[in-house]
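Below: one structure, written as structure tokens.
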Amino acid sequence: MEYVKLSGFRLDGRRPTEMRHIHAEVGAVANADGSASFEMGNTKVIAAVYGPKEVENKGQQIGNKALVRCEYSMANFSTGDRARRPKGDRRSTELSLVIRQTMEACILTHLMPRSQIDIYVQVLQADGGTRSACINAATLALADAGIPMCDLVTSCAAGYLNSTPLLDLNYLEDSAGGPDVTVGLLSKLDKVTLLQMDAKLPLDIFENVMQLAIEGCKAIANLIRQVLLENTKKLEYLRGT
Amino acid sequence: MLQSKSFMKMTRHGRAVKVVREHYLRDDIYCGVQYCKVCDTKDARLGSSESTILVVDTNVILHQIDLLENPAMDDVVVLDVVMEEVKNKNLSVYNRLKALCTSSQRKFFIFYNEYHKDTYVKQMVGETSNDRNDRAIRVATQWYQNHLAGSSRVLLITNDRENKRKAIEEGLSAETVESYVKSLGQPGLLDLVVVSSSEDVNVMEVEETRPSKRKAIYSEHKPMSEITHGLHRGIYHQGKLRVNRYNPFEAYVGSESIGDEIIIYGRSNMNRAFDGDIVAVELLPQDQWHDVKKLSIEDEGKDEEEGVHLVPGSADDAPRGTVPSAVPSETMNSTSCRPSGKVIGIIKRNWQSYCGSLEPMSMPAGDGGVAYALFISKDRRIPKIRIQTRQLGNLLNKRIIVAVDSWDCLSRYPSGHYVRTIGNIGDKKTEDEVILIENDINSRPFSMQVLACLPPLPWNLSPEDLMNPNRVDLRHVRVFSVDPPGCTDIDDALHCTSLSNGNFEVGVHIADVTNFVHPETPLDKEASQRGTSVYLVDRRIDMLPKPLTEDICSLRSDVERLAFSVIWEITPQAEITSTRYTKSVIKSCAALSYVEAQARMDDSRLMDPLTTDLRNLNSLAKIMRQRRIERGALTLASAEVKFQIDTETHDPLDIGIYQIREANQMIEEFMLAANISVAEKILKHFPLCSLLRRHPSPTKDMLEPLLRITASIGLDLDVSSSKALADSLDHAVGEDPYFNKLIRILATRCMTQAVYFCSGDLSPQEFHHYGLAAPLYTHFTSPIRRYADVIVHRLLAAALGISKLPPVFLDRNQLTSVSDNLNYRHRNAQMASRASVELNTVIYFRKRPTDTEARIVKIRANGFIVFVPKFGIEGPVYLVKRGEKSDWLVDEANQRVTKAGSGVNYRVLQAVKIHMEVVEHQPNRPKLELTLI
């Protein structure tokens, strides 16, 4: 199938290096200590963060740093067919782990020994790139909760179809079966905290695709910073100082 | 840049699922007109100010692609919505359209109206998607009109009346294809226009004066829904229709559901299907399986004559024997004969354009008017095609290309339209061109992009090549090449040195083409498309550009060249003790011809080192050959002919069987050994993605014709294995010396063709090469003229760690499609060479009627087929004149025809004297005819 047309348009009208429309908002769940919603095109994710708080299960307590837990779930209505999704299937367990590890890499856990941070991510609508969207939402929520972090982790995916590197695959492109490289990046430190791909790709092409994903991460980081800044300004205004 | 987004809903197969997709509309899509002041004109390609900008609709592209390909049609805007519709309806037209849009010579521009913020059209409630697309086309045309604001005319071309009416209502200018082409004032162009269905009615009315024409000749095709239903229930069978190359009234459908081939006899059972169409077939009742066949031979088979042609090289080229003819009469009605059926629907058409000429006819009274003519394709599998032309006088004696448009059940012949003229019939250049076109061979000069990939000339060995640690300097070794005389693309050379331990070091050096042809470059893509060089009698169509073929890669004498070498240590008993593969630098000391090499070996006075090397190699080769034959390799004979061509007129001067010398066999032996060694090496390193070559064992019914002949003369052939066959062929010695060769030639044509394949696609048992009796085989030794060898070179280089494996190998599907293409090209190249030899044979005999000896190879009711050993051709000899009743009786069991009431009889393999002469029954259509003397 043709995913990139002759003069380089993708099926949804984007060019290969363009991302989908991004919309991010802080404060989606009032109960939580920090929360955010993140949209990339039709992919819509909310994240809520609780903590740092006392460790619930004392057996899991770590003496010198905070315990980070993450739970990823997908709403039943998130895809076209309303299938019941059992909790804790392999895919969501894997995603929970990936998100937890990525977030742990930027949270300054040593500052909060013997405490626990819970991150809940839920996909409201899935259209490809949920992994990246979840990480971005979690970052925003963590920032909203005021949890100390060394940098903002942002994530973006890139794929390779019809011999063209493509940024931010949507569901249609994702199901083409080509490689899908997800990168998590600490943009200021320029460090990669997550790199996933489940296909084969020659090394030189892989480098191009990964570079494209990194560019995407940087663009998202700029956007997230702006959102946080505006949110802070708003809070400042509300406090009236 | 992202403007806005909207949502589209779709339902997918089976369940209705709501799919929401984003659709970005943008403002950075430009009109593509060069003089536009508003838009970015970087990629603009549409015309100058006074030209008319054409917007075409989908049906115009689908039906009039031949017209659009004519350079007279330019400044065409192809809308995205049209592209998509074309893609969904006809992929081959889509590919041609894509080629048009990317060609730098043409002014075709794709306007992405679906992504443009002003031209995107949302489907309205109650509007069909067809109507929506038509509206989208009109909106885009409107946009163009407003955008260009009168600086040039925008014209919508559509044959849809409704669409045209609406367009004119909306203030656009719209025209039909015909009226537009007429306004251009080029009468030749009008022939390219496919008559639209609305005007077809007129054609019918004209024909109504001959009432017999009006009745349905073919049965109606079943509707698609019924076909799918029938296929599911197993009443109908689906498969690709293949028409017998030698009898266009007989076709086969390979059906998976039945596990056997279904035979289809006669045009009415074929029901308008073309060769290569995917059809649905219904089986005929079993009692008709035989009658139908008899009927077809008597009724329709007669008006088709068999021409003289070359001896088929393998079973794939030969006409398939109709098996039931051998069945004795008492089992006639049993189920042993093959199922026959009739086509009830066509699932996918394989209509292409065909080469041929018009049936001779008298000029119609009114000159310059529209005339109907029948077109006869050179490919006999294709039925005659009815075309409409305004330039009949011009076309009558020309080779032309015609495309098929439709075939309804009321007309005996399909209707088509003229595409272009190749040249005069009988003109050698034209006929060569026809051969190339028929076999889909690209003989165009290489493009600039391809030539840009060549290293600068003159090429010399660079110090970097010598410094390369992967490259061994073998310039001091006495390397030489042996090739046919006049060979300019030398891709293999050899050396042979005696070692102190009594063994020999033998090296095969192959031109290092991959050093110059890098993967994914335009050069590589072009070569992979061409697949192989094509050798016509007096012309060679190269796979790689000339500088590479004849200079940089050619291992000529006394120049330093890069090579890829396989070096063995071989004991005097011809056992290989070690094998080494390396890239190398060589300097050939002599480029010998087979004749020269043979003369050197035979001349006992010559004792120079080169001759000694040759003799050593020859003695090794003989042992290796013997061993190979003991393993069961077949020594098959072919009747390859060689022409001597006049250098001035390019007409053949002499013709004769190509002589095979010991020197040929010596070179062949080492090339085989190198190929096998390389095959082992690459398969070891890349078990899933190696390109190998296999030769499937012939099936029982492929050998059937051979067995029938040998049985009739009391010879028993054992075909249980290649070894058994080889042995019994050795024992088949008749009273005359040519007998054995004849049997071998007959055996050869029963074999299948060897094919390339990707090792991941088959299980290791299937890798076997039957003819060579080798478990593994590949092609490594001719990278200049075969692309398969280029791939194998890359694999070997990767296996040695010299270079990376190109990405194509990682994708098995891609590799499979590459190997399929190679098989296709290879086969076409062979067919083209054969056709070229046939053509030259006719030219040769045109001036030289000859008497010669021939052998009967097949018995027919009205004559027999003879094989002429001296010229390697085969053709029919008629005992009965056409139309007369035959008084000859065929005896199938003994393969013999006897004249009723007299003792005169002919049997198979018998030698007869024949007269060969070129006759012209019809003007401009010379034919070689064989008659008995």
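Key figures for this structure:
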{"quantity": "Count - residues of region B:490-501 that are of a type outside the set (S, T, Y), closer than 19 Å to B:D608 by Cα and more than 43 Å from the chain's Cα centre (by Cα)", "calculated": "1"}
{"quantity": "Conditions (1) touching a Gly at 6+ places or on another chain (Cβ under 8 Å); (2) among the charged types (D, E, K, R); (3) surrounded by 21 or more Cβ atoms within 10 Å (Cβ to Cβ): number failed by A:R114", "calculated": "(3)"}
{"quantity": "Among (1) assigned to a helix (DSSP H, G or I); (2) in contact (Cβ under 8 Å) with a residue 60 or more places away in the chain - the single one B:M751 does not satisfy", "calculated": "(1)"}
{"quantity": "Matching residues, region B:829-859, being surrounded by 19 or more Cβ atoms within 10 Å (Cβ to Cβ) and not in a helix (DSSP H, G or I)", "calculated": "B:A854, B:R855, B:I856, B:V857, B:K858, B:I859"}
{"quantity": "Residues (within 14 Å of chain A (Cβ to nearest Cβ) and under 14 Å from B:I791 (Cβ atoms)) located in region B:803-832", "calculated": "B:S803, B:L805, B:P806, B:P807, B:V808, B:F809, B:L810, B:D811, B:R812, B:Q814, B:L815"}
{"quantity": "Which listed residue, of A:D81, A:D12, is within 14 Å of chain B (Cβ to nearest Cβ) and within 27 Å of A:K218 (Cβ to Cβ)", "calculated": "A:D12"}
{"quantity": "Criterion violated by A:T17 - all others in (1) away from chain B (no Cβ under 14 Å); (2) of a type in the set (V, I, T); (3) assigned to a loop (DSSP other than H, G, I, E, B) satisfied", "calculated": "(1)"}
{"quantity": "Cross-chain or 6+ apart pairs with Cβ under 9 Å, region A:164-190 first and within 13 Å of another protein chain (Cβ to nearest Cβ), then hydroxyl-bearing (S, T, Y) and in a strand (DSSP E or B)", "calculated": "A:N170/A:T43; A:Y171/A:T43; A:G178/A:Y160; A:P179/A:Y160"}
{"quantity": "When residues of region A:40-59 are limited to those that are assigned to a strand (DSSP E or B) and within 14 Å of another protein chain (Cβ to nearest Cβ), the one surrounded by the fewest Cβ atoms within 10 Å (Cβ to Cβ)", "calculated": "A:K44"}
{"quantity": "Of all residues making up region A:94-123, the number that are on the phi > 0 side of the Ramachandran plot and of a type outside the set (D, E, K, R)", "calculated": "0"}
{"quantity": "Residue list for region B:698-739, filter: surrounded by fewer than 16 Cβ atoms within 10 Å (Cβ to Cβ) and either within 19 Å of B:A911 (Cβ to Cβ) or of a type in the set (F, W, Y) (or both)", "calculated": "B:G714, B:V733, B:G734, B:E735, B:D736, B:P737, B:Y738"}
{"quantity": "Elements of type strands (runs of 3 or more DSSP E) contained in region B:406-508, each with 2 or more residues being out of contact with any Ser or Thr (no Cβ under 6 Å at 6 or more places or on another chain) and at positive phi", "calculated": "none"}
{"quantity": "Selected residue (criterion: nearest to A:M19 (Cα to Cα)) from residues of region A:195-216 that are more than 11 Å from chain B (Cβ to nearest Cβ) and of a type in the set (V, I, T)", "calculated": "A:I214"}
{"quantity": "Residue identified as in contact with a Cys (Cβ under 9 Å, 6 or more places away or on another chain) and charged (D, E, K, R) among A:R85, A:R100", "calculated": "A:R100"}
{"quantity": "B:K583 within 37 Å of the chain's Cα centre (by Cα) and surrounded by fewer than 16 Cβ atoms within 10 Å (Cβ to Cβ)", "calculated": "no"}
{"quantity": "Per-region count, region A:23-39, residues surrounded by fewer than 19 Cβ atoms within 10 Å (Cβ to Cβ) and either in contact (Cβ under 8 Å) with a residue 40 or more places away in the chain or within 8 Å of chain B (Cβ to nearest Cβ) (or both)", "calculated": "2"}
{"quantity": "Counted residues, region B:762-797 - those being among the small types (G, A, S), closer than 12 Å to B:L692 by Cβ and modelled with pLDDT under 90", "calculated": "1"}
{"quantity": "Matching residues, region B:860-879, being at negative phi and outside any strand (DSSP E or B)", "calculated": "B:A861, B:N862, B:P869, B:K870, B:F871, B:L879"}
{"quantity": "Segments classed as helices (runs of 4 or more DSSP H), wholly inside region B:31-116, with at least 1 members that are in contact with a Lys or Arg (Cβ under 6 Å, 6 or more places away or on another chain) and buried (at least 19 other Cβ atoms within 10 Å of the Cβ)", "calculated": "B:65-69, B:91-102"}
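The values are calculated or read from the model by the stated rules, or taken from the named source; none is laboratory data. Only a predicted model underlies this, so the values are computations on that prediction, with no experimental measurement involved. Cβ sites come from the backbone with ideal geometry, for glycine too, and all protein chains shown count toward neighbours.
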